[in-house]
Amino acid sequence: LVTAVDHVGIAVADLEAAIAFHRDTFGLEVTHSEVNEEQGVHEAMLRAPGDATGATQLQLLAPLREDSAIAKFLDRSGPGLQQLAFRVTDVEAAMSALRAKGLRLLYEEPRRGTANSRINFVHPKDAGGVLVELVEPAEVH
Ligand code: MC0
């Protein structure tokens, strides 16, 4: 079902400060940054300089507004690991397979994720307390 660990996501209050910390402390480089209005996040993707394209990335997630998932997470838990994202080739097929096993998906239909990927999430209570994201990357042309 899963082809790779696509990324792990960390909730942060200040995106620029978190990027600087991960660059200056661990040597990670930003590969992509965007605002996702629907998800209420300003995000950056980072990777280690030696990593091949497609290697697992680190996603830093800062809230755009107070009612967003990341703002709520920061209020409740403070900064830290917020999600684990699995790469899949067909998000609808993955959703069906997980629903058939009795897991709850957060969205009826896939939504837009980083770099025009198609995403959904498994409820953390159905995945051992971990918010699991399913990511079908956009086709690269
Ligand atoms: C909440 N809970 C979590 C959690 N967030 N557990 C593990 N990891 C998390 N991140 C726990 C709560 O502590 C609570 O447990 C229970 O789940 C239900 O909480 P709730 O109060 O009913 O629900 P909320 O309001 O906290 O919402 C949680 C939920 C929400 C996962 C539904 O965060 C959500 O819709 N997330 C999906 C979207 C998202 O995360 N977007 C930001 C990333 P107790 O034991 O207290 O009952 S955007 C992104 O990731 C995109 C751009 C991308 O990668 O492409």
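Numerical summary
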quantity	calculated
For Val88: the one exception among (1) more than 18 Å from Ala127 (Cβ to Cβ); (2) at pLDDT 95 or above	(1)
Matching option when the condition is away from the ligand (no atom under 13 Å from the Cβ), touching a Lys or Arg at 6+ places or on another chain (Cβ under 6 Å), polar (S, T, N, Q) and within 21 Å of Ser117 (Cα to Cα), among Thr31, Thr53	Thr31
Test for Val35: is it among the hydrophobic types (A, V, I, L, M, F, W, C) and in contact (Cβ under 8 Å) with a residue 60 or more places away in the chain	no
Residues located in region 82-111, provided they are within 8 Å of the ligand (Cβ to nearest atom) and either of a type in the set (D, E, K, R) or surrounded by fewer than 18 Cβ atoms within 10 Å (Cβ to Cβ) (or both)	Leu106
Number of the condition not met by Gly54 [criteria: (1) out of contact with any Leu (no Cβ under 8 Å at 6 or more places or on another chain); (2) surrounded by 17 or more Cβ atoms within 10 Å (Cβ to Cβ); (3) over 18 Å from Asn120 (Cα atoms)]	(2)
Residue list for region 74-108, restricted to those being of a type outside the set (Gly, Ala, Ser) and without any contact (Cβ under 8 Å) to a residue 12 or more places away in the chain	Asp75, Arg76, Arg99, Lys101, Glu108
Single condition Pro110 does not satisfy, out of (1) out of contact with any helix residue (DSSP H, G or I) (no Cβ under 6 Å at 6 or more places or on another chain); (2) more than 18 Å from Val8 (Cβ to Cβ)	(1)
First in region 109-128 and under 20 Å from Val30 (Cβ atoms), second anywhere and more than 8 Å from the ligand (Cβ to nearest atom) and polar (S, T, N, Q), Cβ under 8 Å, 6 or more apart	none
Failed condition for Ile19, given (1) within 13 Å of the ligand (Cβ to nearest atom); (2) farther than 21 Å from Leu131 by Cα; (3) surrounded by 19 or more Cβ atoms within 10 Å (Cβ to Cβ)	(1)
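The values are calculated or read from the model by the stated rules, or taken from the named source; none is laboratory data. Worth saying up front: this structure is predicted, and the values here are computed from it rather than measured. Here the Cβ is made from the backbone with ideal geometry for all residues, glycine too, and neighbour counts use every protein chain on show.
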